[in-house]
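Data block below; observations after.
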Amino acid sequence: VLFVAVVWIITFMQDSERRIPIQYAKRVVGRKMYGGQSSHLPIKVALGGVLPIIFASSILSIPSTINLFLKIPAGEGFWGAFFAAFSTTGWLYMVLYFLFIIMFAYFYTSISFNPLEIADNMKKSGGFIPGVRPGKPTSDFLNNMLNHLIIIGAVGLTIIALLPIILSGIFNITRLSFMGTSLIIIVSVVLETAKSIESKMVAREYESIF
C-alpha cells in the first residue's frame, strides 16, 4: 500500500503544473486581423525533476566515499564522529539532504527558466497576463510564482527521498532504498516514454488524415 501511494504521489507531482493564462492582443496587418486568442503558460511544480536529489546525494556521498579508503571506525576520535554524522541514517545527513535539495532546485530552475526572457517574448508577440502589466511586472509575477512552485516541488521531493531512510531507521528495514530516488527516476522515465509514444501516435494520425 505504501509503495502504491508513493508511486501515485510521484506521478501526481511529475504531472502537476500551474497554468498561467495569457491573452494576446488583436492587431491588424493589411486586411487581416491577428491575435485576440487566449492561451496559457504551463509551469511544472517539479521543474527540476530528479536532478536536485541526484546532485544532493552525490555531494553527501563524498565523506562516505573517502571513509571507504581510510576505513576509520565510527565514533573513534574526531574523524570517526565526523564520518558517522554523514551516514545515511544520521540526523545531519537528513538535514543537509533537505537543504541541498532546495538549493539545487533553485539553482537548476534559475538556469533553465528565465522569467525576464519569457516576459520579453510575450511582450514582443503581443501577449500579456490578465491583470499584470507587460515587461518587468510580468517578469516579477512569474518569478514570485516560480519561487512558490519550487518550494512545493522541493519539499515533495525531499519527503519522498527521506521516507525510506526514516522508515528504515524506525522499523530496522534495509530493503526500502528502492522507494526513494530510484522510484522517482523510474516513474519519470515511464511518464516521458508514455508521452513520447502518445505524441508519435497523434502525429501518425495527422499524417494519415492528410
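The values are calculated or read from the model by the stated rules, or taken from the named source; none is laboratory data. Quick caveat: nothing in here was measured; it's all calculated off a predicted structure. Methodologically, a virtual Cβ is constructed for each residue, glycine included, from the backbone with ideal geometry; neighbour enumeration extends over all protein chains shown. Each accessible area value is taken on the protein alone, full model and side chains, heavy atoms only, with ligands, DNA and RNA left out. Shrake-Rupley method; radii C 1.70, N 1.55, O 1.52, S 1.80 Å.
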Express the carbon and sulfur contribution to the solvent-accessible surface of the stretch 60-136 as a percent, rounded to the nearest whole number, probe 1.4 angstrom.
70
Show me 151-164, 112-125 ranked by packing, highest mean number of other Cβ atoms within 10 Å first.
151-164, 112-125
Per-residue ellipticity at 222 nm attributable to helices in the chain (runs of n ≥ 4 DSSP H, -39500 (n - 2.57) apiece, nearest 500 deg cm²/dmol) works out to -22500 deg cm²/dmol
Ranked from highest to lowest mean number of other Cβ atoms within 10 Å per residue, what is the order of the peptides 59-69, 43-53, 99-109?
43-53, 99-109, 59-69
Write down the accessible area per residue of the chain in Å², having rolled a 1.4 Å probe over the full set of protein chains.
65
What shape does the chain take by its C-alpha gyration tensor, where a ≥ b ≥ c are the square roots of the eigenvalues and a/c under 1.5 counts as rounded, a/b above b/c as prolate, and the rest as oblate?
prolate
In the stretch 1-159, lysine pairs 8 or more places apart or on different chains with C-alpha atoms under 30 Å apart total 11
With a Förster distance of 30 angstrom and the Cβ-Cβ distance between residue 107 and residue 85, calculated FRET efficiency to the nearest 0.05 equals 0.75
Directionally averaged projected area (convex hull, Cα atoms, the stretch 82-135), nm²
5.7
Explain nothing, just the number: dipole magnitude of the chain about its Cα centre with +1 on each Lys and Arg Cβ and -1 on each Asp and Glu Cβ, in debye rounded to the nearest 20.
900
Stokes-Einstein D (µm²/s) once Rh is taken as the Kirkwood radius of the stretch 66-156 over alpha-carbon pairs, at 4 °C in 1.567 mPa s:
79
Mind ranking 57, 110 by accessible surface for me, highest first, 1.4 Å probe?
110, 57
Sorted by accessible area with a 1.4 angstrom probe, largest first, how do 24, 93 fall?
24, 93
Given contacts defined as C-alpha pairs under 8 Å and at least six residues apart, what's the relative contact order of the chain, whole-number percent?
24
Relative contact order of the stretch 49-170, defined on C-alpha pairs under 8 angstrom at six or more residues apart (%)
28
Of 57, 100, 81, which is farthest towards the positive pole of the chain's charge dipole, taken about the Cα centre with +1 and -1 on the beta-carbons of Lys, Arg and Asp, Glu respectively?
100
The correct ranking of 8, 91, 79 by accessible area at 1.4 Å, largest first, is 91, 8, 79
